[in-house]
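Remarks on the structure that follows.
The values are calculated or read from the model by the stated rules, or taken from the named source; none is laboratory data. Bear in mind the structure is a predicted one, so any value in this text is a computation, not a measurement. Because the Cβ atoms are built from the backbone with ideal geometry, glycine has one as well, and the counts that use them run over all protein chains shown. Protein only, heavy atoms only, side chains kept; ligands, DNA and RNA dropped before computing areas. Shrake-Rupley method; radii C 1.70, N 1.55, O 1.52, S 1.80 Å.
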Amino acid sequence: MAMNLKLSTVTRRAFLKLSALTGGSLAISGCTPGALDVESESTDVNASEPTIAVEEGVEVIPTSGSNNCGGRCVIKAHVKDDVIIRLSTDEGSEDEGSTTLARACVRGRSYRKTFFHPDRLKYPMKRVGKRGEGKFERITWEEAIETIASETKRVKEQYGPASRYVHYATGVSAAIRGNTLANRLLALDGGYLGYYNTYSTAQTSNATPYTYGTGSTGNTPDDYVNSKLIILWGHNPAETIFGTSMYPLRKAKEAGVKIIAVDPRYSDTAIGMADEWIPVLPGTDNAMMDAMAYVMITEDLHDQEFLDKYAIGFDAEHMPEGIDGKESYKSYILGEKDGIEKTPEWAEKITKVPAKTIKKLAREYATTKPAALIQGWGPQRSAYGEQIVRGATILATMTGNVGISGGCASGAGYASRISIPGVPVPKNPFEGSIPVFLWTDAIVRGSEMTAKDGVRGVDKLPSNIKLIFNLAGNALINQHSDCNKTAEILADESLVEFIVVSDIFMTPSAKFADILLPGDTVFERNNITKPWGYGDFALYANKVVEPPFECKFEYEWLKEVAAKLGIRDEFTDGNETNEDWTRWVVEETRKKHFDFPTFEEFKKSGMHRFKFDEPLIAFKKQIEDPENNPFHTPSGKIEIFSKRLWDMNAPEEIPAIPKYISSWEGPEDPLKEKYPLQCIGHHTKRRCHSTHDNNPWGEEVEQQTVWMNPIDADVRGIKDGVLVKAFNDRGTVEIPAKVTNKVMPGVTSISQGAWWTPNKRGVDTRGCINTLTTHKPSPLAKGNPQHTNLIQVEKA
């Protein structure tokens, strides 16, 4: 059926109240109790979600958001005559558990404005202009499927399976998703070039295991209340919607737990939760951590007994066999080898954090127990983000806060205790894979890439990338670094020869398609999803209405491509529809979680809340019984000094102990003479990455601006709201300035996710931070360094 895109009247006043609350002193945004209903006039943010009276002829269907948002909120669609007339959300009470509430934030409550936008793609199309121009003509689904199948086959035969690549895409973060389905297709058809890492967590996922042997280092958020001190280091769950962690954080605050935020920006989390905000220059976190360690060591505040028992590499007496004691962490901190004591005064010059503040924080963290140093994923997305990750794990170890209730081992902090499978992907016949951030390198020089470039599984790639499937994602250009350089690579048809894109809008990435297909939305398919690691529930996202026009979920046309390739039966494995696959997911889940509901029960209720008697404490067994439960490291201990890193023989960029490394495009780079301001890209409550950027309500929640401290603005004659240009050698954006004390001097911030919109001069007029970022990866993980940028800002 052709969907009626007409929307019923919605109370904008209440919506804007909600957006104001998420940035105010309560900071309750995203999947937390008491969030204001979009059409309610109540202002009691601690009240339960109001029960919605259902008028005659209206059916309320439970579904969920499945964008790459950590919260995964409950969405209840009120449907009348096949039209969604309003949305409500989770009506659960606080008594049901701090990790299972799933209230929608301003993004979830405005889904209709995004997904029923009149600019929805309607029909399959093929490119008729130059790649990137966005010029297309309508074709039939039959022609689209035939073209995709024939090109998929041709590229494999001409260049080999390693030339085919399914792009990192997270617009559908659920059990059934387009990129996984495309990988399944190509695995059954001879193989493809795989990838590892994510854009979000490459550095922490790679670095944390060098300390602990795993990335699962976090206590679940229901343990926050057992802390006495929580340090949020670059962690902003109020705007990132980091699972359901905001509600447990609020409960901890109500219980009297002191919360300190370390962040260059005074985030919504800091505003609403923190007792103290400590701004630090981006990329200098390790200098501050080193100085904290110096205070603990010189004032004998560290837990030596804990270190002696559980760790290796802290001091000369506990080094791996054959390693000089001067290579120990303690030796580095005290300057015994390089002659530089890592004092708070030394760190102040680098970080701009006052020495007295560093001393106070070090003493407070060392003497308050239990204490949790919880890292966000922002700081590690930097040039030497691996060092920041490991630096925090060492502080947690020095203070003995590993493996205890109320503590935190720091690092990646993964803490999932539920398992929901996705559609399985058969073993890839081609064993090679690349770091996900280096796919543009694999286009230009893939056949030259080896292990030094992060290639795994094979010694060298046999081919450059020649075909790309980009399904429900905007990382083909918008979310990847250096948009101008990326566009130049994609526009060269002698490099990538065929690009398939499926999306719901003409995004910046969609403009680079050769075949562009109209996708469906969360309301138009069945699926199953769960939050990021922090959140103990699963959601059945019911199909609510039919897709409009000729829109299809990727599975529908991939089945037909599989048929053209002669592998349809293997591809579907008896599952003809999304609903069939969701039934499979439920049955597999029930094998691990015996209390999980039947398919019919789950589909009807829309939600299952997992119940646990106590929090999950990372490394509890290792600390309580180390003889029978060693850490999963080569030594069986916490490795402050990593022999594996030492053996890489790259100490300047990949040291065996975490340390401060002066960063390219950091505050000590000589390039600052030309580009004197650091630039980071924060998450905003108005978008989920780039999803919702075209939602008109978003502009009323938060305008796209470049944040500047008044000191930096004044010397440039820039006033709040004035149009400015932010630029470096990679590109220029023109957007208004937000002059605010909420960002520290010397630092600017542009919220990530705005759609790259270059004008005829090549200037981005929307404010996409990736106009300014670089393709240069971090050294160990080969990860995304998108918070490491130097720029200048001037009046436009």
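Results for (1) closer than 20 Å to W581 by Cα; (2) of a type in the set (S, T, N, Q); (3) outside the structural domain of Y192 (by TED's automatic domain parsing), shown as yes or no for each residue.
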residue: I145; (1), (2), (3): no, no, no
residue: S150; (1), (2), (3): no, yes, no
residue: R154; (1), (2), (3): no, no, no
residue: T170; (1), (2), (3): yes, yes, no
Subset of the range 335-348, residues open to solvent by 40 Å² or more (accessible area, probe 1.4 Å) and touching a helix residue (DSSP H, G or I) at 6+ places or on another chain (Cβ under 9 Å), comes to E336, K337, D338, I340, E341, E345, W346, E348
- Task: With respect to G753, determine if the residue is in contact with a Lys or Arg (Cβ under 6 Å, 6 or more places away or on another chain) and not hydrophobic (A, V, I, L, M, F, W, C).
- Result: yes
Note: among E299, E327, E305, just one is under 25 Å from F631 (Cα atoms), modelled with pLDDT of 95 or more, loosely packed, with under 15 Cβ neighbours inside 10 Å and not hydrophobic (A, V, I, L, M, F, W, C), namely E305
Of the residues in the range 686-695 that are open to solvent by 20 Å² or more (accessible area, probe 1.4 Å) and within 15 Å of the chain's Cα centre (by Cα), the one that is farthest from V280 (Cα to Cα) is T691
Practice prompt. Please work out if P421 is open to solvent by 30 Å² or more (accessible area, probe 1.4 Å), over 29 Å from T244 (Cα atoms) and assigned to a loop (DSSP other than H, G, I, E, B).
Written response: no
Q.
Just checking, does the range 485-503 include any residue being within 21 Å of W141 (Cβ to Cβ), part of a helix (DSSP H, G or I), open to solvent by less than 10 Å² (accessible area, probe 1.4 Å) and out of contact with any Cys (no Cβ under 6 Å at 6 or more places or on another chain)?
A. no
Expected single match for open to solvent by 60 Å² or more (accessible area, probe 1.4 Å) and either touching a Lys or Arg at 6+ places or on another chain (Cβ under 7 Å) or modelled with pLDDT under 95 (or both) among D569, D573, D613, D647 is D613
What about G698, is it within 25 Å of the chain's Cα centre (by Cα) and either open to solvent by less than 40 Å² (accessible area, probe 1.4 Å) or modelled with pLDDT of 95 or more (or both)? yes
Any residue that is polar (S, T, N, Q) and either assigned to a helix (DSSP H, G or I) or touching a His at 6+ places or on another chain (Cβ under 6 Å) (or both) - is there at least one of those in the range 168-179?
yes
Subset of the range 737-783, residues open to solvent by less than 20 Å² (accessible area, probe 1.4 Å), touching a helix residue (DSSP H, G or I) at 6+ places or on another chain (Cβ under 7 Å), within 18 Å of E794 (Cα to Cα) and of a type in the set (A, V, I, L, M, F, W, C), comes to A737, I750, C768
Those residues of the range 175-209 which are within 18 Å of the chain's Cα centre (by Cα), more than 20 Å from L476 (Cβ to Cβ) and aliphatic (A, V, I, L, M) amount to A175, A207
* If you check N709 against the conditions, is it open to solvent by less than 40 Å² (accessible area, probe 1.4 Å), over 26 Å from T269 (Cβ atoms), polar (S, T, N, Q) and outside the structural domain of W277 (by TED's automatic domain parsing)? -> no
If we keep only residues of the range 504-530 that are polar (S, T, N, Q) and assigned to a strand (DSSP E or B), then the residue nearest to A144 (Cα to Cα) is N527
